[in-house]
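Peer 1: This is the structure I want to talk about, given as structure tokens.
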Amino acid sequence: MHFLAIGECMAELAPAAQQGDFHLGFAGDTFNTAWYLARISPDTHVSFFTCVGADAISQQMRDVFTNSGIDDSHVQTVADRTVGLYLISLNNGERSFSYWRGQSAARLLAQDPAALATAMAAADIIYFSGITLAILDSAGRETLLHTLRTARAAGKAIAFDPNLRPRLWADTAEMTQAVMQGAAVSDIALPSFEDEADWFKDADPNATADRYAAAGATTVVVKNGGEPVHYLHGDARGTVAVPPLASIMDTTAAGDSFNAGVLAGIRQGLPLPDSIANACRIAGKVVQGKGALVPIGADVLNG
């Protein structure tokens with residue numbers, strides 16, 4: 001199976017042990033999912049579609065892709081741009097983020113429709129997010145949605161995490177409209193209930209699942225923190241319990257790694273509840289580590 005993730009990977013500056021020092025890493029929602037999928041499903045061909053600059057840090061990012069087993073052959077280079085950057089600050093253990101992404105080349109990832117179409121033609125599952133939509137201008141957003149719609153009509157499976165981030169949008173109305181446009185071109189929707197309740201006023205996870213199904217998704221998996229995961233798949237719906245954890249160190253990328261687990265299960269043809277149970281196990285390992293990319297292997301699926 002060939003999996004294609006579309007979106008932005010950013011440079012990350014995280015506090016190091018010595019005060020005033022920072023560790024350079026790379027992360028981003030769709031990239032994180034691709035990274036985890038490459039770890040837990042090594043027989044899946046994982047590719048990432050984005051744009052980077054021609055500078056040294058962009059090359060470092062590409063090196064991370066390839067060293068992680070992620071195919072970068074569809075990564076586009078924009079000579080006068082670079083990569084986005086975010087800085088993590090800690091205050092009594094609580095993380096906050098400062099972002100610099102105005103010159104991010106990834107904001108131009110939909111400016112070449114032919115390159116998008118070529119990348120999608122090689123894939124079996126195509127994955128994008130609400131953040132992917134948010135970083136694009138209106139024309140780029142429509143280009144991406146049109147290309148996804150065409151790929152879906154050609155038999156590609158489209159997976160979508162709404163990943164609602166209001167500060168990336170001009171206003172709430174633009175965000176909710178674009179997210180539901182993303183849902184309308186998708187087969188698999190992977191929303192988080194807390195965000196959906198805040199911005200769509202859903203009464204419960206079933207309401208979230210129903211709304212995405214009404215938009216056109218045939219499979220909806222609703223994450224809900226430590227509460228049971230709700231799913232809707234065709235005419236079937238149900239819940240999967242989330243195993244309790246003795247400790248949680250860092251919830252960064254919990255949802256991204258969970259999505260990788262669900263998609264890996266779908267790739268393997270597992271029943272959806274089994275895929276969700278595996279995804280919960282993966283996310284449970286990730287939140288007990290530190291940072292977005294926590295080293296795990298396929299053996300995580302064996303408990």
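The values are calculated or read from the model by the stated rules, or taken from the named source; none is laboratory data. As the structure is a computational prediction, the values presented were derived from the model and not from experiment. We place every Cβ from the backbone using ideal geometry, glycine too, and count neighbours over all the protein chains shown.
Peer 1: So, Thr252, is that one among the β-branched types (Val, Ile, Thr), in contact with a strand residue (DSSP E or B) (Cβ under 8 Å, 6 or more places away or on another chain) and over 20 Å from Ala159 (Cα atoms) or not?
Peer 2: So Thr252 passes the test.
Peer 1: Considering only region 114-138, state which residues are part of a helix (DSSP H, G or I) and under 18 Å from Ala184 (Cα atoms).
Peer 2: The answer is Met120, Gly130, Ile131, Thr132, Leu133, Ala134, Ser138.
Peer 1: Taking the criterion of being in contact with a strand residue (DSSP E or B) (Cβ under 9 Å, 6 or more places away or on another chain), surrounded by fewer than 17 Cβ atoms within 10 Å (Cβ to Cβ) and either β-branched (Val, Ile, Thr) or modelled with pLDDT of 95 or more (or both), would at least one residue in region 178-185 satisfy it? Spell out how you get there, then give the answer.
Peer 2: As a first pass, look at region 178-185 and keep what is in contact with a strand residue (DSSP E or B) (Cβ under 9 Å, 6 or more places away or on another chain): 179, 182-183, 185.
From what's left, surrounded by fewer than 17 Cβ atoms within 10 Å (Cβ to Cβ): none.
No, because not a single residue in region 178-185 is in contact with a strand residue (DSSP E or B) (Cβ under 9 Å, 6 or more places away or on another chain), surrounded by fewer than 17 Cβ atoms within 10 Å (Cβ to Cβ) and either β-branched (Val, Ile, Thr) or modelled with pLDDT of 95 or more (or both).
Peer 1: Let me ask something additional. For Gly25, work out the one condition from (1) closer than 21 Å to Ala114 by Cα; (2) in contact (Cβ under 8 Å) with a residue 40 or more places away in the chain it doesn't fulfil.
Peer 2: Of (1) closer than 21 Å to Ala114 by Cα; (2) in contact (Cβ under 8 Å) with a residue 40 or more places away in the chain, only one is false for Gly25: (1).
Peer 1: Do any helices (runs of 4 or more DSSP H) entirely within region 161-272 hold 1 or more residues that are acidic (Asp, Glu) and in contact with a Phe, Trp or Tyr (Cβ under 8 Å, 6 or more places away or on another chain), and if so, which? Walk me through it before giving the result.
Peer 2: Details: elements: 172-184, 193-200, 205-215, 254-268.
Ranges flagged: 254-268.
Peer 1: So which residues in region 273-303 are in contact with a strand residue (DSSP E or B) (Cβ under 7 Å, 6 or more places away or on another chain), part of a loop (DSSP other than H, G, I, E, B) and not small (Gly, Ala, Ser), if there are any at all?
Peer 2: Correct list: Leu293 only.
Peer 1: Please identify the pairs in which a residue from region 136-148 that is under 16 Å from Gly102 (Cα atoms) has its Cβ atom under 8 Å from the Cβ atom of a residue that is crowded, with 19+ Cβ neighbours inside 10 Å and among the hydrophobic types (A, V, I, L, M, F, W, C), counting only partners at least 6 apart or on another chain.
Peer 2: Note: pairs meeting the criteria are Leu136/Leu109; Leu136/Ala110; Leu136/Leu144; Gly140/Leu109; Gly140/Ala110.
Peer 1: Somewhere in region 225-240, is a residue at pLDDT below 95, within 21 Å of the chain's Cα centre (by Cα) and either among the small types (Gly, Ala, Ser) or buried (at least 16 other Cβ atoms within 10 Å of the Cβ) (or both)?
Peer 2: Among the residues of region 225-240, at least one is at pLDDT below 95, within 21 Å of the chain's Cα centre (by Cα) and either among the small types (Gly, Ala, Ser) or buried (at least 16 other Cβ atoms within 10 Å of the Cβ) (or both), which makes the answer yes.
Peer 1: On to the next question. Restricting attention to region 29-52, report how many residues are of a type outside the set (Phe, Trp, Tyr), in contact with a Ser or Thr (Cβ under 9 Å, 6 or more places away or on another chain) and under 14 Å from Leu263 (Cβ atoms).
Peer 2: Selection size over region 29-52: 11.
Peer 1: Residues in region 145-160 that are surrounded by fewer than 21 Cβ atoms within 10 Å (Cβ to Cβ) and either assigned to a helix (DSSP H, G or I) or in contact with a Leu (Cβ under 7 Å, 6 or more places away or on another chain) (or both): how many?
Peer 2: Looking only at that region, the number is 6.
Peer 1: If we keep just the residues of region 235-290 that are hydroxyl-bearing (Ser, Thr, Tyr) and in contact (Cβ under 8 Å) with a residue 60 or more places away in the chain, which is farthest from Ser41 (Cα to Cα)? Spell out how you get there, then give the answer.
Peer 2: Going residue by residue through region 235-290, those that are hydroxyl-bearing (Ser, Thr, Tyr) are 239, 247, 251-252, 257, 275.
If we keep only those that are in contact (Cβ under 8 Å) with a residue 60 or more places away in the chain too, we end up with 252, 257.
Values: Thr252: 21, Ser257: 12 Å.
For region 235-290, the residue satisfying everything is Thr252.
Peer 1: Among the residues in region 264-277, are any surrounded by fewer than 23 Cβ atoms within 10 Å (Cβ to Cβ), modelled with pLDDT under 95 and at positive phi?
Peer 2: For region 264-277, residues surrounded by fewer than 23 Cβ atoms within 10 Å (Cβ to Cβ), modelled with pLDDT under 95 and at positive phi: present.
Peer 1: Could you check region 2-113 for strands (runs of 3 or more DSSP E) lying wholly inside it with 1 or more residues that are crowded, with 20+ Cβ neighbours inside 10 Å and modelled with pLDDT of 95 or more?
Peer 2: Once the strands (runs of 3 or more DSSP E) in region 2-113 are filtered for at least 1 residues that are crowded, with 20+ Cβ neighbours inside 10 Å and modelled with pLDDT of 95 or more, what remains is 2-6, 10-15, 22-27, 45-49.
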